[in-house]
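What follows is a set of notes on a single structure, which appears directly below.
The values are calculated or read from the model by the stated rules, or taken from the named source; none is laboratory data. It should be emphasised that the depicted structure is a prediction, and the values quoted were computed from it without experimental measurement. For the accessible areas, the whole protein counts, side chains as well, though only heavy atoms, and no ligand, DNA or RNA atoms are used. Shrake-Rupley method; radii C 1.70, N 1.55, O 1.52, S 1.80 Å.
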Amino acid sequence: MDSILQKLRNLDAYPKINDDFFSRTLSGGIITLASSLLILLLFFSELRLYLHTVTESKLLVDASRGETLHINFDVTFPAIRCSLLSLDTMDISGEQHFDIRHDIVKKRIDAHGNVIEAKKDGIGAPKIDNPLQRHGGRLEHNEKYCGSCFGAEMSDDDCCNSCDEVRDAYRKKGWALTNADMIDQCKREGFIQKIKDEDGEGCNIEGSLEVNKVAGNFHFVSGKSFHQSNIHVQDLLAFQTDSYNISHKINRLAFGDYFPGKLNPLDGVQWRQETPNGMYQYFIKVVPTLYTNIRGRTIRSNQYSVTEHFKSSELGHSQLLPGVFFFYDLSPIKVTLKEEHVPFLHFMTHICAIVGVSL
């Protein structure tokens, strides 16, 4: 038994030294104090890293299908009146939506950016006595109103009971509405006077879009858009000048919901037009992102990068449509972000390393 204990003593890697061989000095005390402070600093640094979360990122191929893309926007146009500003979307699948009004709020602003009036878009025509019927006569008592579409009816049963419905009928026919002052519905609603009253004003437009998760674009233009002979054109030409000012400020543009650390490169971006007429284009690459916090809650969102370009009509683009266009495309790579704590064994390993160095 004694031989076994002797062998264990021989394995001692830290043999004790007789006190007679110790010599304590002032420099040694200073070094001991400094090293102790350094050990405490390193310990609390490791403890802080352990208690706080870290975000791990991975790149994966995006295999999702059949999803939609949610776009939130808030854009100010200081030189385009609200009654002429419209929002359109289209994508490579062929789906098109013109003059979108649902989930959109327009705010009339003065030259100083102060809000004059805010209203949700898509308000119908007011009730007015004795409007003009489709057959040419005035509305009689107890008679159902059916307004004329002024030649743009798709069938004999079509009715246009508001100025917007007449404009929609014209758009479907591929016609431009250049004689709004001759349209009974527009005169009854004071549409022309409303446009004139907004002269010199600007418009702030905010809202959201739900689009297919494929490449496409959405754009803000002056006047209601439609296609005619494969050319993108606008109505209300009589109210539009030879020079368009598409200066704008993007207060917010986000693809999907917010998550911690998300940055939107176009938030707060402002551009002022210096040359007459043109098309301002933003080319956006959308990166699908899956964020999971420390509690396991998952947020499906998107990040994006962007480049921009201004195409002036002075360069010979005769069919250029003045407006602000956002062209977006989807990245095939998905980013996953996950909040995690440093594993406890890693924390203990680092602490042991700190203590071991000091011995």
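Structure above, values below:
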read-out	value
Table column - 3J(HN,Hα) (Hz), segment 334-340, Karplus curve with 6.51, -1.76, 1.60, x for Gly and Pro	10, 9, 10, 10, 9, 7, 9
Estimated vicinal HN-Hα couplings, Hz - segment 167-175 in sequence order (Karplus 6.51, -1.76, 1.60; Gly, Pro = x)	5, 5, 5, 4, 5, 5, 7, x, 9
Solvent-accessible surface (1.4 angstrom probe) belonging to residue 352, in square angstrom, nearest 10	80
Whole-Hz ³J(HN,Hα) from phi, Karplus 6.51 cos²θ - 1.76 cosθ + 1.60, for segment 73-82, glycine and proline x	9, 8, 10, 10, 10, x, 10, 10, 6, 5
Sequence-distant residues sharing a close amide H with residue 104 (under 5 Å, placed H)	121
Semi-axes of the equivalent ellipsoid for segment 146-189, Cα gyration tensor, largest first, Å	15, 13, 7
Sequence-distant residues sharing a close amide H with residue 109 (under 5 Å, placed H)	116, 202, 203, 204
